[in-house]
1. Quick one: accessible surface of ASP94, probe radius 1.4 Å, all protein chains present, in square angstrom to the nearest 10.
2. Could you list the residues of the stretch 131-147 with an amide nitrogen less than 15 Å from a label point located 7 Å from the Cα of THR59 in the Cα-to-C-beta direction?
3. Rolling a 1.4 angstrom probe over the protein chains, ignoring ligands and nucleic acids, what is the accessible area of LEU80 in square angstrom, nearest 10?
4. Scan the stretch 85-147 for trypsin sites (Lys or Arg not before Pro) in coil per DSSP, keeping those whose Cβ has at most 16 other Cβ atoms within 10 Å, and list them by number.
5. Excluding same-chain residues fewer than 8 positions from LYS95, which lysines have a Cα within less than 26 Å of its Cα?
6. Note down the nm distance, to one decimal, between modelled labels 7 Å out along Cα→Cβ at VAL29 and at LYS44.
7. So for the stretch 38-147, Kirkwood radius off the Cα pairs, Stokes-Einstein at 4 °C and 1.567 mPa s: how many µm² s⁻¹?
8. If ligands, DNA and RNA are left out, what is the accessible area of GLU77 with a 1.4 Å probe, given in Å² to the nearest 10?
Amino acid sequence: MKHHYLWAFSVCFLLFLVCGCDDTSQTPVIKQKVIEFDRIGGTKVNTVFLRKNPWFFHTLVVYEKDPSATTCNKVREKELTKDEMEITTTKDGDKVIHYDWITFCISKDTRIITVTAEENKTGQPRSIYFFAWSIVWGPSFTVNQKE
């Protein structure tokens with residue numbers, strides 16, 4: 001009799017797992033996971049392949065060199081608050097996010113993200129992570145700039 005309960009529990013548990021899973025096939029996908037700029041900077045375009053689920057910009061994460069860090073890579077990551085970024089909307093409905101040396105322009109239909117990096121005069125490489133949300137994950141990507 002114990003085996004019947006175990007079998008019934010196993011079937012119910014498997015049904016719960018299958019029904020509880022999110023359909024990740026409908027999440028948007030970013031074309032380039034990493035965008036590279038030389039020290040001069042410039043503008044590059046990243047494409048989002050939209051599916052059923054919409055996506056939303058969440059934040060930027062800055063990776064900075066930290067000479068006092070005890071880790072071997074000596075990099076510190078800092079998630080920016082909304083107050084540390086300049087976020088505006090153009091009259092065409094595009095969202096513009098600017099921080100320090102980089103600007104992201106998200107088209108109104110959220111299919112195109114234009115990235116503009118200013119010239120790097122710091123003598124240090126720079127890196128920032130564009131973090132986006134969807135149902136499960138969004139079209140997030142990293143931007144690196146050489147020194």
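The values are calculated or read from the model by the stated rules, or taken from the named source; none is laboratory data. These numbers come from a predicted model, not from an experiment. Heads up, the Cβs are rebuilt from the backbone with ideal geometry, glycines too, and the neighbour counts pull from every protein chain shown. What goes into the accessible areas is simple: the full protein's heavy atoms, side chains included, and nothing from ligands, DNA or RNA. Shrake-Rupley method; radii C 1.70, N 1.55, O 1.52, S 1.80 Å.
1. The accessible area of ASP94 comes to roughly 40 Å².
2. Output list for this probe position: 131-133.
3. Rounded to the nearest 10, the figure is 10 Å².
4. Taking the stretch 85-147 and a limit of 16 other Cβ atoms within 10 Å, the loop trypsin sites (Lys or Arg not before Pro) found are LYS91, LYS108, ARG111, LYS121, LYS146.
5. Within the straight-line cut-off, LYS95 pairs with LYS31, LYS33, LYS44, LYS52, LYS78, LYS82, LYS108.
6. A separation of 2.0 nm, rounded to one decimal place.
7. 87 µm²/s
8. Surface accessible to solvent at GLU77 totals approximately 130 Å².
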